[in-house]
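Each remark here refers to the structure printed beneath this line.
Read-outs throughout are calculated quantities, based only on the coordinates presented, and are distinct from any laboratory measurement. These figures come from a predicted structure and were not determined experimentally. Glycine gets a Cβ as well: all are built from the backbone with ideal geometry, and neighbour counts include every protein chain shown.
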Amino acid sequence: MNRRQHDHGHPLSRNTLVASSAAVQHDDPATAQPLNGSTAEPNDETTPFDGFREECGVFGIFGHPEAANLAYLGLYGLQHRGQESAGMCSSDGEKLHCRKNMGLVAEVFTEAVLKELPGKSAIGHTRYSTAGQSALLNAQPFFVECSKGQIAVAHNGNLTNAIDVRHELEMAGSIFQGTGDTEVIVHLMARSREQQLKHALRESLLRMEGAYSLALLAKDRLIVARDPHGFRPLAFGKLVHQGQDVYVFASETCAFDLIGAVYVDDVQPGEMIIVDSEGLHRERFAPQRKSCHCVFEHVYFSRPDSTVFGRSVQESRELLGRQLARESGVDADVIVPVPDSGVSAAIGYASESGIPYQMGLIRNHYVGRTFIEPKQSIRDFGVKLKLNPVRQLIEGRRVVLVDDSLVRGTTSRKIVRMMRQAGAREIHMRISCPPTISPCYYGVDTPDKGELIAANQTLEDIRKFTEADSLAYLSMEGLKNAVQDTAGDYCYSCYTGDYPTDLVGIETLLVGHHDRD
Ligand code: SF4
């Protein structure tokens, strides 16, 4: 089935779930996913509990006649946060309409699909996940019909005690449709004795540990909430339409720019914002806890044109590069970034060192998710497909190669080899963050500790592995300075191995992480 086609069967039927290219749509109470309902089939036992892999983008809008179209544009701006599936739910005031599918935002939301999402409010989600049926099962927003009415939830982050709570709920009779942690929140809400949606949500969230920035849509309101540590970002913006305030929420502010919204504030850690026909209401749902903003958002994950945790990502990255140049300067002829995410740090490095900056590596932006490799295998084909050196800028030169992370080291080695083949005389690898020595459990997919090269090898071993002439990482102090973290507001756990929350069922969380380097 073409991914643009829709399956009109029961959302839990195997036919819907088997084909990973099948779309999911829910409009009607009769086709919403029931909780504890007798019509639910048990989970497919061939689908393993695949761990949590969300690296997601969340968007919400309330009070605009073109809510779905604007949410589409917002999701488009958040595409870098997840490219495997995209989904949206809108409300026409009476009921919710939901469409989600595997694929990029522009692939999933054709004009025809957007027309099926009427109403003045909408939430949307982009998600990273593995291929296969479980991926579609876990695509968001997660939409249910329960004792609280129709609700849809889009979530970014990892709930670190989700396995424990899920087990408890299953023992009590709850039937889960997917393997993602978002569903746990919804089941808790369905079981809550609280009548008001915000109270039921509050009760559920207080059971959860870990990272969540979420948007919940009901027929007459939009609620957004952020965990009390504030791991993942969630920005609050506003635009005016025909004299009326329209409220928007997004993982990153770059989603606001395209729709003409302005950034107002962050949804604060432990805060819930409720928007309905009465207006906007902010309230704290959880006590203040130690602030743990994900520093990796500034190092790598967020777009440089975003404001994240109230701070410009571009500014942070340039400072990371400047700091790196101060800490580990080297005689060289040219500074070359590994595009795209190394660009801002390389600009900072070049400004601080006075060495010219050159785009000595060109990224192919049009590489799809699948490609046909020639039968005669080409060494390092995957990297070559994405990056190509500019020989004229590199040949005979001493190059400082600036990248934002070095996880397994394999990609770095391939890039170093490519640069040498293009004639680089020396290659000095500079990484704009400290060594990654521990996995993330708060919403960024990282490999197991055993695969993290810096967790297992010395700096010199890593240098030899990457085949660079020299290698240096940014220090922890340098990282803190670059994000100007004077109050200890950031999470650095993947660089320290110290985690600020309980990690229940951590072995399961570690299962099956994807490749990134
Ligand atoms: Fe971010 Fe690393 Fe903390 Fe995860 S462990 S939230 S990636 S800083």
√(5λ) per eigenvalue of the Cα gyration tensor, segment 57-134, largest first, Å
21, 12, 10
Only Lys, Arg, Asp and Glu count, each charged at its Cβ (+1, +1, -1, -1), so figure out the dipole size of segment 336-445 about its Cα centre, rounded to 20 debye.
520 debye
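Going by how many other beta carbons lie within 10 Å of each one, how would you line up TYR72, TYR366, fewest first? Mind dumping the intermediate values first?
Details: TYR72 25, TYR366 5.
Least to most surrounded, the residues fall as TYR366, TYR72.
With a cap of 16 neighbouring Cβ atoms within 10 Å, and only residues DSSP puts in a loop, list the GluC sites (Glu not before Pro) found in segment 356-464. Before the final figure, lay out each step's value.
Numbers: sites: GLU395, GLU426, GLU451, GLU460; in loops: GLU395.
In loop regions of segment 356-464 (DSSP not H, G, I, E or B), the sparsely surrounded GluC sites (Glu not before Pro) are GLU395.
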May I ask for the net charge around SER277, where only other residues with Cβ less than 13 Å from the Cβ of SER277 are counted and Lys, Arg are +1 while Asp, Glu are -1?
-1
Any residue on another chain or 5+ positions along whose placed amide H is under 5 Å from the amide H of THR160 is listed here as GLU209, GLY210, ALA211
How are the Cα pair distances of segment 335-457 distributed, in percent, across 10 Å bins from 0?
12, 38, 35, 13, 1
All other residues with a Cβ under 14 Å from the Cβ of TYR263 taken together, and with Lys, Arg as +1 and Asp, Glu as -1, what is their net charge?
-2
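What does the extension gain come out to for PHE381 and VAL240, with contour length at 0.36 nm per residue minus their alpha carbon separation? Write down the numbers at each step before the final one.
Details: separation 141, 0.36 × 141 = 50.76 nm, distance 4.88 nm.
Going from the current span to full extension adds 45.9 nm.
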Testing the spin-label approximation: label points 7 Å from Cα along Cα→Cβ at LEU258 and ASP276. State their distance in nm.
3.1 nm
Principal axis lengths of segment 115-241 from Cα atoms, whole Å, largest first?
48, 38, 32
Quick one: Cα convex hull volume of segment 267-409, Å³ per residue?
192 Å³
What does the extension gain come out to for ASP498 and MET171, with contour length at 0.36 nm per residue minus their alpha carbon separation?
114.5 nm
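If the convex hull of the alpha-carbon atoms of segment 179-252 is projected onto planes in all directions, what is the mean projected area in square nanometres?
Its average projected convex-hull area is 6.1 nm².
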Ranked TYR441, TYR349, TYR76, criterion: other C-beta atoms within 10 Å, fewest first
TYR76, TYR441, TYR349
Can you find, among LEU117, GLY93, LEU159, the residue farthest towards the positive end of the dipole of segment 81-198? Put +1 on the C-beta of Lys and Arg, -1 on that of Asp and Glu.
GLY93
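Please tell me which of these pairs span more than 29 angstrom C-alpha to C-alpha: LYS100/LYS290; LYS414/LYS449; LYS198/LYS238; LYS100/LYS384; LYS100/LYS219; LYS238/LYS480? Don't skip to the end; give the middle numbers.
On the way: LYS100/LYS290 35 Å; LYS414/LYS449 22 Å; LYS198/LYS238 22 Å; LYS100/LYS384 32 Å; LYS100/LYS219 18 Å; LYS238/LYS480 31 Å.
Over 29 Å Cα-Cα: LYS100/LYS290; LYS100/LYS384; LYS238/LYS480.
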Counting other beta carbons within 10 Å of each Cβ, put SER291, SER405, SER470 in order, fewest first.
SER470, SER291, SER405
Counting Lys and Arg as +1 and Asp and Glu as -1, each charge on the Cβ, what is the dipole of segment 395-454 about the Cα centre in debye, to the nearest 20?
380 debye
